[in-house]
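*Asks:* For reference, the structure I am asking about is given below.
The values are calculated or read from the model by the stated rules, or taken from the named source; none is laboratory data. Bear in mind that the values here come from a model prediction, so they are computed numbers and not experimental data. FYI the Cβ positions are ideal-geometry reconstructions off the backbone, even for glycines, and counts take in every protein chain you see.
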Amino acid sequence: LVGMVMFLIFGVGGGFVNDFKMLLAIRVLFGISIGIMTPLSTSLIFDFVSDTHQRNKMMGIQGAVNQFGGLVFMGLSGILANISWRASFMCYAFVLVSILLTLMFMPSIPPYKKPAAGTVKKSMHWKVYVLSFFAIMIFANFFVVNTDLALFMQHEELGDAKDCGFALSVMRIPAIFAGIVLGWLMKRMKDWTVTFATLCMAAGYFIIAYSYSYSALMVGCLVIGVGGGISIPPLFTFVPRIVPPRQRTLGIAIVTLVAQLGQFVSPLYINMFVTGTDSSELRMRFIVAAITTIIIGFAVVAFASTISKKPITEEDGEPTLNKTN
């Protein structure tokens with residue numbers, strides 16, 4: 001609730017300021033509110049849904065709703081911006097619906113019992129940071145299409161800014177449907193789900209890298225959208241298999257925070273391999289992203305074999321290899 005109230009105040013509040021520095025400060029506080037809400041919204045699924053299949057299904061639905069919301073409110077924001085740039089901030093007022101639903105329907109969660117006197121407080125397991133590395137690399141390579149597509153289309157004369165914006169918006173549609181079927185997919189593919197997602201992303205990047213028409217480029221974007229929609233949620237399901245319940249929220253927060261940094265790391269990472277802007281080098285940027293996602297995908301499934309197959313409980317203590325109790 002604190003996060004949502006902050007989201008409301010500092011989201012809508014941006015439309016009432018006249019000073020750029022004040023607007024920047026408000027956006028920083030707005031970002032903090034998102035940082036509070038995002039890991040908690042994911043952690044609540046683990047708190048309230050005990051069945052693994054239903055939990056995976058809920059994770060997929062959460063991702064699908066996020067993508068759908070982004071698609072709807074991006075369009076709504078554009079419509080309101082035509083009225084006034086201040087009006088576009090009113091989109092954030094829709095969080096009032098979430099606040100009311102939370103107050104009406106979400107049960108209270110009893111606090112965790114304090115550890116017995118003399119109990120040594122355990123630090124976050126190092127494998128959470130390994131998981132965070134996978135998350136940031138997936139995000140970094142997913143955002144290559146967002147940062148490089150416009151320049152690529154302009155250089156290859158495949159479309160203008162409007163066409164690029166349409167292609168990036170359409171990417172959300174397969175991501176929505178991919179999220180809906182995520183539970184079904186994870187039930188069958190299990191730890192290979194992330195690998196499947198990264199292979200989809202890689203296939204999409206290869207299609208774009210070798211495309212010479214707008215229609216082929218659109219196909220590549222759609223395939224990337226499928227992979228992007230199902231790549232991150234399965235990573236969160238690894239957190240309960242690494243740390244006990246009292247550390248889940250923090251563990252998810254760490255993975256989420258590091259993953260979000262991927263959009264800033266994205267151009268820096270690709271520039272390590274390709275810096276030019278001619279045709280072959282622009283195409284090579286997508287190929288680098290494709291190869292990286294393939295490597296990360298198989299690294300994730302190898303990592304999954306080193307952690308518990310079931311969620312860790314408070315009584316389990318330190319997770320062990322393939323522990324099942």
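*Asks:* With respect to G251, is the statement that it is in the same structural domain as F134 (by TED's automatic domain parsing), in contact (Cβ under 8 Å) with a residue 24 or more places away in the chain, small (G, A, S) and under 13 Å from F143 (Cα atoms) true?
*Replies:* So G251 does not fit the description; no.
Yes/no matrix, rows are residues, columns are (1) farther than 24 Å from F264 by Cβ; (2) surrounded by fewer than 23 Cβ atoms within 10 Å (Cβ to Cβ):
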site	(1), (2)
C164	no, yes
S169	no, yes
M186	yes, no
A203	yes, yes
Y210	yes, yes
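*Asks:* Would you mind finding the one in M37, M59 that is under 28 Å from P240 (Cα atoms), crowded, with 20+ Cβ neighbours inside 10 Å and not hydroxyl-bearing (S, T, Y)?
*Replies:* Unique residue meeting the criteria: M59.
*Asks:* May I ask you to list the residues in the stretch 148-162 that are of a type outside the set (K, R), surrounded by fewer than 17 Cβ atoms within 10 Å (Cβ to Cβ) and assigned to a helix (DSSP H, G or I)?
*Replies:* L151, Q154, H155, E156, A161
*Asks:* Report every pair of residues separated by at least 6 positions or lying on different chains whose Cβ atoms are under 9 Å apart, first residue within the stretch 7-20 and under 12 Å from A93 (Cβ atoms), second outside any helix (DSSP H, G or I) and not hydrophobic (A, V, I, L, M, F, W, C).
*Replies:* Qualifying pairs under 9 Å: G14/R86; G15/S84; G15/R86.
*Asks:* Limited to the stretch 254-285, what total is found for residues that are farther than 17 Å from A140 by Cα and either part of a loop (DSSP other than H, G, I, E, B) or among the polar types (S, T, N, Q) (or both)?
*Replies:* Number satisfying all stated conditions: 5.
*Asks:* Follow-up. Search the stretch 261-275 for residues that are surrounded by fewer than 16 Cβ atoms within 10 Å (Cβ to Cβ) and pair each with any residue that is at pLDDT 90 or above and among the β-branched types (V, I, T) when their beta-carbon atoms are under 6 Å apart and the residues are at least 6 apart or on different chains.
*Replies:* Taking only residues 6 or more apart or on different chains, the pairs are L261/I136; F273/V288.
*Asks:* Identify the residue in the stretch 221-260 that is in contact with a Ser or Thr (Cβ under 6 Å, 6 or more places away or on another chain) and charged (D, E, K, R) and, among all such residues, is surrounded by the fewest Cβ atoms within 10 Å (Cβ to Cβ).
*Replies:* Filtering first and then ranking leaves R241.
*Asks:* Suppose we keep only residues that are within 30 Å of G159 (Cα to Cα) and of a type in the set (F, W, Y) within the stretch 197-245. Which one would you say is nearest to the chain's Cα centre (by Cα)?
*Replies:* Looking at the filtered set, the residue picked out is Y205.
*Asks:* Quick check on my filter: what residues within the stretch 246-259 are under 15 Å from the mean Cα position of the chain (by Cα) and of a type in the set (V, I, T)?
*Replies:* I252, I254, V255, T256, V258 - these are the residues of the stretch 246-259 that are under 15 Å from the mean Cα position of the chain (by Cα) and of a type in the set (V, I, T).
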